[in-house]
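Colleague: If you scroll down you'll find the structure; I have some questions about it.
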Amino acid sequence: MTQERLWQVLDPSWGDPRALSALLCSSAAAVVLLKWLGRRQVQQKMHEARRSRDLALERMEKAARRFKQENPGTQTTHILSLTMVELAEKLKEGSLSPESVLYSYMDKALEVNREVNCLTDFIHGCEDQLQKLKKQKEKGLLYGIPISIKDHINCKGHISSGGMVKFLGQVKEEDSVIVQVLKHQGAIPFVKTNIPQTMINYDCSNLIFGQTLNPLNHQKSPGGSSGGEGALIAGGGSILGIGSDVAGSIRLPSSFCGLCGLKPTGNRISKQGVVSPLVGMQSVTPMLGPMARDVDSLALCMRALLCEEMFRLDPTVPPIPFDEEVYTSSNPLRIGYYEGDGYFQPSPSMKRAIQQTRKLLQDAGHTLVPFAPPKIDYMVDELFTRGIFSDGAAHLVDCFKGDIVDPNLKSQFNTYRLPALVKRILAFLLKPIYPRIARDLSALCGVGSAKNLWDQHGAVADNPEAVPPALWGDVLRLALLSLAASFPRLYTQVYRTEFIAKWRKLRLDVILCPALGPAFNHGYAGKLFAATSYTNLYNVLNFPAGVVPVSTVTRADEEELKHYQGHYRDPWDKRLKEAVEGAVGLPVAVQCVALPWQEELCLRFMKEVEMLAHNTKRNV
């Protein structure tokens with residue numbers, strides 16, 4: 001039978017096979033053309049966003065240059081050397097002007113940006129705000145303090161890109177609540193800072209604004225997702241920044257860049273007016289919080305934020321002002337500690353940082369008690385990973401429609417977009433060889449049904465630790481409404497109850513534990529998302545947690561790293577070893593944790609650790 005006859009037998013309506021072949025070829029060509037045009041359109045949007053950023057920074061540079069020319073006697077070096085508390089005092093007493101401080105930091109921020117690429121926008125309204133500030137009679141707690149803001153936190157008249165094309169062009173009509181409160185307290189938000197694409201990554205790169213470098217070592221990542229903040233503050237271009245944290249995104253950049261950072265309890269600070277690719281995800285608690293060079297700066301920021309204006313603008317925030325008595329207390333603490341979480345073996349410098357800090361605390365009169373987080377594998381796989389990706393990562397994958405995946409995110413994205421069946425098959429095949437990776441793949445399948453999601457969320461009602469004691473009566477009604485609306489977070493709640501019971505049994509005040517570090521080499525964060533276990537634990541638990549730098553990587557640490565094998569000896573352990581190599585001289589931090597709503601105690605503990613570590617360095 002001839003080929004032509006075969007075509008007619010199969011379907012006479014098809015006609016001439018040559019015509020069909022031509023039609024198929026033209027259809028394929030049309031598809032390729034449409035994809036090319038779509039990609040060109042995406043690239044054009046990215047180009048326009050970069051051009052807009054460049055023009056904004058040119059405007060910023062002209063303003064800083066003009067001020068410098070008109071005020072040649074400005075003591076820029078002196079201004080930049082002051083701590084935030086010192087700066088606030090001098091601004092309030094009038095020995096420094098808000099103009100001299102703002103333009104000094106603008107100039108320095110531009111210098112840092114040229115080196116590490118950490119800025120996404122200039123908040124040009126800061127100059128108008130400066131003029132209004134000078135006319136006000138009352139001076140807020142942050143009067144005249146320039147502040148940097150993470151890209152996805154809304155500022156009026158600016159975009160919040162999230163590092164994604166889908167959010168470009170959406171100019172915000174009003175400030176987020178946190179920005180409004182900062183302005184109310186006299187602070188001057190002046191720049192927005194870079195983030196990784198989607199922010200579900202702890203590197204700092206996107207195809208719109210590019211890769212941000214660590215100012216302490218350009219071969220290293222600044223961490224993420226608040227990586228632009230980490231790089232800018234560590235480089236000296238900002239004295240205080242506002243970041244966000246859903247798995248460690250404040251604490252990891254702070255650890256990598258040698259800063260102090262605080263992730264508060266989930267609703268201690270308003271989150272209204274923030275862009276997110278995971279809208280609707282409630283299994284793991286995201287949070288906004290401050291990043292700075294010292295703990296007193298964090299405390300001053302929290303003191304300023306926890307005010308009547310915050311509680312008025314967002315009535316869902318419990319009206320609990322900053323407790324000065326707790327922060328300034330000098331009572332000895334009973335401190336739980338652990339050197340490793342059992343999921344990822346700590347790097348040598350992480351372990352040494354805990355050992356040295358534990359000894360310093362003991363010598364200072366505090367009581368140190370060994371502690372081990374319960375069921376850490378279960379927490380990471382079932383509560384964090386399956387929780388944050390309870391939809392099988394479908395929502396996150398959908399965000400990439402009409403976008404191009406950043407190379408640093410491809411490893412994660414390629415895994416997320418696999419069909420659930422493929423993930424399950426791979427998990428089954430890998431289980432005998434690489435059980436940890438197999439469990440992760442299984443967790444990435446999500447919960448599968450609404451019933452399972454409700455079970456995963458767990459019941460919120462029966463835990464008094466979730467609500468500050470002074471507000472139990474006021475919040476009970478809200479808790480019941482919340483229970484009815486999203487019933488319930490049972491598995492997380494059971495784990496939290498077990499964790500708190502263990503905490504209470506040991507009569508602990510706080511916990512000392514590792515912070516992931518030192519800073520990773522570029523390209524590794526996207527291949528080691530599960531290594532956030534040290535930080536994401538406290539997002540799952542919704543405990544306040546902060547990071548304090550206490551040491552630097554030594555040559556002995558680097559030598560010991562050569563023998564690092566990890567708990568599982570799987571590809572993840574090998575990658576972690578490679579990720580932290582070559583870090584001699586870079587900062588090493590520890591993590592300080594308190595129970596929910598006890599930010600002041602967490603900060604007090606951080607301050608104690610900071611003081612002891614500082615005294616040790618000074619005496620060496």
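Colleague: If I take R0 = 25 Å and measure r between the Cβ atoms of ASN615 and GLN75 in this structure, what FRET efficiency does the formula 1/(1 + (r/R0)^6) give, to the nearest 0.05?
Modeller: Values: r = 29 Å, r/R0 = 1.17.
After rounding to 0.05, the efficiency reads 0.30.
Colleague: A further question follows. So how far apart, in nm, are the two label points at GLN170 and LYS359 if each is 7 Å from Cα heading toward Cβ?
Modeller: For GLN170 paired with LYS359, the spin-label model returns 5.2 nm.
Colleague: Related question: Can you work out D for the stretch 299-340 in µm² s⁻¹ from Stokes-Einstein, where Rh is the Kirkwood radius over C-alpha pairs, the temperature is 4 °C and the viscosity is 1.567 mPa s?
Modeller: Numbers: Rh = 12.7 Å.
Calculated translational D: 102 µm²/s.
Colleague: Please work out how much length the chain gains when fully extended from LEU506 to CYS25, using 0.36 nm per residue of separation minus the C-alpha to C-alpha distance, in nm with one decimal. Numbers along the way, then the final one.
Modeller: Numbers: separation 481, 0.36 × 481 = 173.16 nm, distance 7.20 nm.
Gain in length upon complete extension: 166.0 nm.
Colleague: Okay, moving on. Taking only protein heavy atoms and a 1.4 Å probe, what accessible area per residue, in Å², does the stretch 226-303 have with all protein chains in place? Spell out each step's value before the answer.
Modeller: Values: 1180 Å² over 78 residues.
In whole numbers, the stretch 226-303 has 15 Å² accessible per residue.
Colleague: Take the cross-link list LYS108/LYS192; LYS220/LYS562; LYS45/LYS401; LYS134/LYS156; LYS172/LYS220; LYS68/LYS137 and give me the ones stretching past 23 Å between alpha-carbons. Display every interim value, and only then the final one.
Modeller: Details: LYS108/LYS192 14 Å; LYS220/LYS562 19 Å; LYS45/LYS401 14 Å; LYS134/LYS156 21 Å; LYS172/LYS220 33 Å; LYS68/LYS137 27 Å.
The pairs that break the limit, which is 23 Å between Cα atoms, are LYS172/LYS220; LYS68/LYS137.
Colleague: I would also like to ask the following. At VAL279 and VAL326, where each label point lies 7 Å from the Cα along Cα→Cβ, what is the point-to-point distance in nanometres?
Modeller: Those two pseudo-labels are separated by 3.4 nm.
Colleague: Would you mind calculating the gained length between LEU368 and LYS68 on full extension (0.36 nm times residue separation, minus the Cα-Cα distance), in nm to one decimal? Mind dumping the intermediate values first?
Modeller: Working: separation 300, 0.36 × 300 = 108.00 nm, distance 5.22 nm.
Fully extending the segment from LEU368 to LYS68 adds 102.8 nm.
Colleague: Something else now. Contour minus end-to-end for LYS410 and ARG555, with contour as 0.36 nm per residue of separation and end-to-end as the Cα-Cα distance? All intermediate terms of the calculation are to be shown ahead of the outcome.
Modeller: Values: separation 145, 0.36 × 145 = 52.20 nm, distance 3.32 nm.
Once the chain is fully extended between LYS410 and ARG555, it gains 48.9 nm.
Colleague: Follow-up. Give the cross-link partners of LYS263 among the lysines, using a straight C-alpha distance below 19 Å as the criterion and excluding same-chain residues fewer than 8 apart.
Modeller: LYS150, LYS271, LYS607
Colleague: Which of these values of Cα extents along the principal axes in Å was calculated from the structure shown: (i) 79, 71, 54; (ii) 97, 62, 57; (iii) 96, 70, 44?
Modeller: Of the listed options (i) 79, 71, 54; (ii) 97, 62, 57; (iii) 96, 70, 44, (ii) comes from this structure.
Colleague: Using a cut-off of 18 Å between alpha-carbon atoms, which aspartates and glutamates can reach LYS359, once sequence neighbours fewer than 8 places away in the same chain are excluded?
Modeller: Filter leaves GLU339, ASP509, GLU608, GLU610.
Colleague: First select every other residue whose beta carbon is under 9 angstrom from the beta carbon of MET84; then total the charges, Lys and Arg +1, Asp and Glu -1.
Modeller: Values: positive: ARG293; negative: GLU86, ASP294, ASP296.
My count for the surroundings of MET84 gives -2.
Colleague: Of all accessible surface on the chain at a 1.4 Å probe, what whole percent is carbon and sulfur?
Modeller: Values: 14370 of 26110 Å².
For the chain, the apolar C and S fraction of the accessible surface comes to 55 percent.
Colleague: Kindly provide the trypsin sites (Lys or Arg not before Pro) of the stretch 114-170 that DSSP labels as loop, not H, G, I, E or B, and whose Cβ sees at most 10 other Cβ atoms within 10 Å.
Modeller: Sparse-neighbourhood loop trypsin sites (Lys or Arg not before Pro): LYS137.
Colleague: If Lys and Arg each add +1 and Asp and Glu each add -1, what is the summed charge of the other residues whose beta carbon sits under 12 Å from the beta carbon of LEU586?
Modeller: Working: positive: LYS220; negative: ASP557, GLU558, GLU581.
With Lys, Arg at +1 and Asp, Glu at -1, the net is -2.
Colleague: With every atom except the alpha carbons ignored, what do you get for Rg and Dmax of the stretch 49-123, in angstroms?
Modeller: 13.4, 41
Colleague: Pop the C-beta distance of ARG569 and LYS137 into the FRET formula with R0 = 60 Å and round what comes out to the nearest 0.05. Intermediate results must be reported in sequence, preceding the final value.
Modeller: Values: r = 66 Å, r/R0 = 1.09.
That gives a FRET efficiency of 0.35.
Colleague: Ok, one more. Any idea of SER81's accessible area? Nearest 10 Å², probe 1.4 Å.
Modeller: 80 Å²
Colleague: What translational diffusion coefficient, in µm²/s and rounded to a whole number, does the Stokes-Einstein relation yield for the stretch 336-397 at 37 °C and a viscosity of 0.692 mPa s, taking the hydrodynamic radius as the Kirkwood radius over Cα pairs?
Modeller: Details: Rh = 14.0 Å.
D = 234 µm²/s.
Colleague: Under 13 Å from the Cβ of PHE520, count the other residues' Cβ atoms, weight Lys and Arg +1, Asp and Glu -1, and hand me the total.
Modeller: +1
Colleague: Quick check: the angle from helix 348-363's long axis to the longest principal axis of the chain, C-alpha only, nearest 10 degrees?
Modeller: 30 degrees
Colleague: Using only helices, what value at 222 nm comes out for the chain when you add -39,500 (n - 2.57) per DSSP H run of length 4 or more and divide by the total residues, to the nearest 500 deg cm²/dmol? Don't jump to the answer; show the numbers that get you there.
Modeller: On the way: 24 runs with 282 residues, N = 620.
Calculated at 222 nm, the ellipticity per residue is -14000 deg cm²/dmol.
Colleague: Taking the Cα centre of the stretch 46-94 as the origin and placing charges on Cβ (Lys, Arg +1; Asp, Glu -1), which of PRO72, MET60, HIS47 is farthest toward the positive end of the dipole?
Modeller: Of the candidates, HIS47 comes out farthest on the positive side.
Colleague: Are there any trypsin sites (Lys or Arg not before Pro) in the stretch 366-412 that are in a DSSP loop and have at most 12 other Cβ atoms within 10 Å? List them by number.
Modeller: Details: sites: LYS375, ARG386, LYS401, LYS410; in loops: LYS375, LYS401.
For trypsin sites (Lys or Arg not before Pro) across the stretch 366-412 that sit outside H, G, I, E and B with at most 12 neighbouring Cβ atoms in 10 Å, the list reads LYS401.
Colleague: Also, quick follow-up: Distance in nm between label sites at THR497 and GLN272, each 7 Å beyond Cα in the beta-carbon direction?
Modeller: Going from the THR497 label point to the GLN272 one covers 3.3 nm.
Colleague: Determine the dipole magnitude for the stretch 46-110: charges of +1 sit on the beta-carbon of Lys and Arg, -1 on that of Asp and Glu, nothing else is charged, the reference point is the Cα centre, and the result goes in debye to the nearest 20.
Modeller: Working: 11 positive and 10 negative charges, 52 e Å.
Approximately 240 debye in magnitude.
Colleague: At a threshold of 8 angstrom on Cα-Cα distance, excluding pairs fewer than six apart, so keeping six or more, what relative contact order does the stretch 130-199 reach in percent? All intermediate terms of the calculation are to be shown ahead of the outcome.
Modeller: Working: 112 pairs, mean separation 29.2, N = 70.
In percent, rounded to a whole number, it is 42.
The values are calculated or read from the model by the stated rules, or taken from the named source; none is laboratory data. Quantities reported herein were computed from a predicted structural model and do not represent experimental measurements. Here Cβ is always computed from backbone atoms with ideal geometry, including for glycine, and neighbour counts include all displayed protein chains. Please note that ligands, DNA and RNA were not included when accessible areas were found on the heavy atoms of the full protein model with its side chains. Shrake-Rupley method; radii C 1.70, N 1.55, O 1.52, S 1.80 Å.
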